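To start, the structure itself, in structure tokens.
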There are 4 protein chains.
Amino acid sequence: MSAQIKVAVLGAAGRMGSEAVKAVTEAADMELVASLGRGDDLQQIIDAGATHVVDLSVPGSTEDNVRFAVEHGLHAVVGTTGWTEERRANLQLLLEQNPSVGVLIAPNFALGSVLASAFAATAAKYFESVEVIELHHPNKVDAPSGTAVRTAELIAQSRKEAGVGASPDATETQLEGARGAVVDGIHVHSVRLRGLVAHQEVLLGGPGEQLTLRHDSYDRASFMPGVLLGLRTAESMPGLTYGLDGYLELGQ
Amino acid sequence: MSAQIKVAVLGAAGRMGSEAVKAVTEAADMELVASLGRGDDLQQIIDAGATHVVDLSVPGSTEDNVRFAVEHGLHAVVGTTGWTEERRANLQLLLEQNPSVGVLIAPNFALGSVLASAFAATAAKYFESVEVIELHHPNKVDAPSGTAVRTAELIAQSRKEAGVGASPDATETQLEGARGAVVDGIHVHSVRLRGLVAHQEVLLGGPGEQLTLRHDSYDRASFMPGVLLGLRTAESMPGLTYGLDGYLELGQ
Amino acid sequence: MSAQIKVAVLGAAGRMGSEAVKAVTEAADMELVASLGRGDDLQQIIDAGATHVVDLSVPGSTEDNVRFAVEHGLHAVVGTTGWTEERRANLQLLLEQNPSVGVLIAPNFALGSVLASAFAATAAKYFESVEVIELHHPNKVDAPSGTAVRTAELIAQSRKEAGVGASPDATETQLEGARGAVVDGIHVHSVRLRGLVAHQEVLLGGPGEQLTLRHDSYDRASFMPGVLLGLRTAESMPGLTYGLDGYLELGQ
Amino acid sequence: MSAQIKVAVLGAAGRMGSEAVKAVTEAADMELVASLGRGDDLQQIIDAGATHVVDLSVPGSTEDNVRFAVEHGLHAVVGTTGWTEERRANLQLLLEQNPSVGVLIAPNFALGSVLASAFAATAAKYFESVEVIELHHPNKVDAPSGTAVRTAELIAQSRKEAGVGASPDATETQLEGARGAVVDGIHVHSVRLRGLVAHQEVLLGGPGEQLTLRHDSYDRASFMPGVLLGLRTAESMPGLTYGLDGYLELGQ
């Protein structure tokens, strides 16, 4: 963290983008050198002397933005969606030609959420039982949440690799839906409640004990520590990293 | 609580009965004067000078036990199941002939559980959203639990009487079961986890706030404070009371 | 709720006031007829045909505002602080001369918080143990929170009236502060955590069971259902009511 | 898990020991070949063909027991207290002479508790704020619990190594004890409540989000999965391992 990190924010007018502008401005070890919106000339990034870009634009622009950054030797932290496997494969090829550049593409920048999912996968192989409860505001149109589905998939994979069987369940008679949805063998329950934002609990049980991993997301500001951590780490992680957990030290 | 309460326990050899024997023995304001098991002569209760009986026997005996107590002017606290509406109606007739006698029949003696259900019904009319989560050990064969179903029914009735509509829910696409079972319009979720005993949460949500009422039942000892409260209150509540909440002061 | 409730909001430019303007505007059974700020002529309220006022002004204005409303036969819902016992006594005298007018002064309009405190007081006399944990953002300058202190006082009073002794505690060696602050004999713990808003848990324990009453306040919007409930109820509750709980049906 | 693990339990008559006898007997991949109590001849272990020992005896015996096991080439899982640094150093010397033998000494065998502590240390460096709440039955004589103190120490060490400063706290006026005890700069709160067993929460907060790691210990059975995991792992981990976390795969 010796030299200042000189950051250009792309998609700076959006909701996430404007949070990022604010967060970078307030970070003592960073300098905001450019804020670009739709249609702005990417050359401004270079002219401003940026060393890093944060891309929070739109799926239609993100690929061009990141390619431009990599080709100019800038590290990139990317929160825009739309990075299919094919796009990521193409980016990987480009990064092989620019081997000192680090790029982080993260579907989720909330540190607590990423840590909770990683811990859940680690713990799941040591407990007989595991279930997931996600709780959101009642305007959400899908159930379970995407994060809950991914968490259940990670848990299921961890248990499978460790040879752990299904959670015990003696249920014989059930009112339809009582035991929740089943994702890769893991039960997932979706609560919808006015006043909530986005919350998730992973419950793990063994003889005589329970471990609960809960994440509460109260507002969009929760993504900014993850974005800043990405900016601080990218230079030391050349190549493409997919998922913020790749930048975290999760062991001891 | 001036004079000592002289208690006979019926069904004293059962699991609940032996807990009651212990609890009455340890209560400073009570004296255990008789403990009867299956086949014992009820006359022992009278000979021992009991003023109150606790019936924790079996559905086949409880009606005879309670009638005997009432006919002899003894107050009764009853935890045995099997008290259909017809049986209760017959008991009520008998109590009219013995107007000073108080009988409590309670499907649930756990104070915390009874209070949580009562509070849930009271609060449910003041919040837009309400859902129930119950969590039990994985050997339970039915889902949701009987307590959760009754809680949901109480909540639904309270909201109906107050003219409160359904909890908002914008769910369009759902993995089957994700949103739980629906009891009288209230969503109920059942978690099964090794290590747990019996737990329930009622979640209530309004704009910008959440109220959570949680009850944890760790072991059978949790029923005893309710049994003792029943014994201390029965004399002052002549007639038949169904449900421990009838003996609680729930307002302010 | 037949006729429309015609509401004037005083202190409409403040943070609470602007929320109230929005909430009244959106309520189907209400009509916003006037919004007054500092220095505006109170006569506007009358000219606009208001039947009710909401006072969310400042301690220096609230007494004059409410007196004006009462003298003109308008019901009032008051969230401004500064209502000392003396001020309330004077208001009571004025209300005796205007016996059809209802005034609610409420230090706290969050329904969930008011209900949680009332439930805690009710439950506290049925459990051996009770403690309070309050959790707030780290910019709060006092600990414990005012709400936690009031909750502890209500709990202590309820236990005293019911003749319940102190919560059991065998602590012999203690790192200073570990067991929290003690308010009227009730242990209160204060957590300060970035990301939180305002949260409180009352934990009650008896043999083999636990009852937890938790309130989460996420934003200022949480006060508006209480304000609207006050407006809908004031006409049917002539005289002065202090505390929103006076307008709630808390028994069964 | 090819060959059967042949286990001798030392201290088999104690509370933990009798649980271990039961757990080993029920494990499909293990065979209980000997159960020894105080004064029994250790030679029985050899005669019975044990490959592993579980030592749950007393501080006065455990050192001799473990030395005997190591000298005879048996792997050992040790839950007895009293293993000072000096004792462990001596054992280490002995193990250098028996390089194929694995010994686990674990102050805590509850998997959930060990995982929760490890996760807390990992997560603590990514959040601005962290506090610990531990909750126990009211017969406990010390506060905070030993586990809470160790958890706070691990958290403090992790934050120090990562260069993370103190949790923010603007408290100016405080009722004595409200903000808890302070262990290495980490606030720790101790709740005592009838009905509880042993519970702990680590709360981590950052802008707009919260991560909560909770462990509930309901009874002694919670230690057995850790003991069995120790027995299954010891052979593949030659030398001395202190702490069950050394046998867990904590990264991804």
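The values are calculated or read from the model by the stated rules, or taken from the named source; none is laboratory data. Because the structure is a prediction, the values reported are computed rather than measured. We place every Cβ from the backbone using ideal geometry, glycine too, and count neighbours over all the protein chains shown. Ligands, DNA and RNA are excluded from the accessible area calculation, which covers all protein heavy atoms including side chains. Shrake-Rupley method; radii C 1.70, N 1.55, O 1.52, S 1.80 Å.
Here are a few things to note about the model shown:
- The contact between chain A and chain B removes approximately 3300 Å² from the accessible area (both sides summed; 1.4 Å probe; ligands, DNA and RNA excluded).
- Taking C:164, C:24, C:101 in turn, the Gaussian network model of chain C (Cα-Cα springs below 10 Å) assigns the largest fluctuation to C:164.
- At the listed q of 0.13, 0.15, 0.16, 0.21 Å⁻¹, the Debye profile of region A:92-244, built from one uniform point per Cα, gives log10 I(q)/I(0) equal to -0.70, -0.87, -0.95, -1.29.
- Cut-off under 5 Å, modelled amide H: who pairs with residue D:209 long-range: A:218
- Expressed as a whole percent, the accessible surface of the protein assembly as shown that belongs to carbon and sulfur atoms is 49, based on a 1.4 Å probe.
- Sites counted here are GluC sites (Glu not before Pro) in a DSSP loop (not H, G, I, E or B) having no more than 10 other Cβ atoms within 10 Å; the longest part of chain D that contains none of them is D:1-171.
- Taking the DSSP bridge list for chain D and keeping only pairs wholly inside it, about 45 percent are antiparallel.
- Pairs over the 19 Å Cα-Cα cut-off, from the set B:22/C:125; C:125/C:160; D:125/D:160; B:125/B:160: B:22/C:125.
- Using only side-chain charges placed at the Cβ, +1 for Lys and Arg and -1 for Asp and Glu, the dipole size of region B:1-139 relative to its Cα centre rounds to 80 debye.
- Backbone amide hydrogens, once placed in the peptide plane, bring residue D:53 within less than 5 Å of D:8, D:75, D:76, D:77, excluding anything fewer than 5 places away on its chain.
- In nanometers and ordered shortest first, the copy-to-copy spacing of the residue C:81 label point, defined 7 Å from Cα toward Cβ, is 4.3, 4.7, 5.3.
- Charging the Cβ of each Asp and Glu at -1 and of each Lys and Arg at +1, and nothing else, the dipole of region A:12-90 about its Cα centre rounds to 200 debye.
- Normalised per residue, the accessible area of chain D is 39 Å², obtained with a 1.4 Å probe and no contribution from ligands, DNA or RNA.
- Counting DSSP beta bridges with both ends in the protein assembly as shown, the antiparallel % (nearest 5): 45 percent
- Gap separating the Cα centres of region D:213-252 and region B:189-250, nearest whole Å: 36 Å
- Copies compared at residue D:29 - label distances in nm, ascending, label defined 7 Å from Cα in the Cβ direction: 4.3, 5.8, 6.5
- With Cα atoms, 0 to 90° folded angle of helix C:111-124 axis to chain C main axis: 40 degrees
- Gap separating the Cα centres of region A:1-71 and region B:126-179, nearest whole Å: 46 Å
- Backbone N within region B:150-189 under 14 Å of label point (7 Å from residue C:28 Cα along the Cβ vector): B:163-168
- Two-decimal log10 I(q)/I(0) for the protein assembly as shown, as the Debye equation yields it once each C-alpha is a single scatterer, q = 0.06, 0.08, 0.09, 0.10 Å⁻¹: -0.53, -0.93, -1.15, -1.35
- Considering only D:116, D:9, D:95, and ranking their Cα positions along the charge dipole of region D:1-140 that arises from unit charges at the beta-carbon of Lys, Arg, Asp and Glu, the one farthest toward the positive end is D:116.
- Once the Cα atoms are used to define both axes, helix D:224-233 deviates from the longest principal axis of chain D by about 60 degrees.
- Here residue B:155 sits with roughly 0 square angstrom of accessible surface, probe radius 1.4 Å.
- Charged side chains reduced to their Cβ positions (Lys and Arg at +1, Asp and Glu at -1) give the protein assembly as shown a dipole of some 0 debye around its Cα centre.
- Inter-chain shielding of C:180-191 (mean C-beta neighbours from other protein chains, 10 Å cut-off): 6
- DSSP bridge pairs, region B:111-217: antiparallel proportion in percent, nearest 5: 75 percent
- 5 angstrom amide H check on residue A:191, placed H, neighbours 5+ away: A:134, A:135, A:136
- Computed from label points 7 Å out along Cα-Cβ, the spacing between residue C:220 and residue B:161 is 3.7 nm.
- The angle between the Cα long axis of helix D:85-96 and the main principal axis of chain D comes to about 40°, on a 0 to 90 degree scale.
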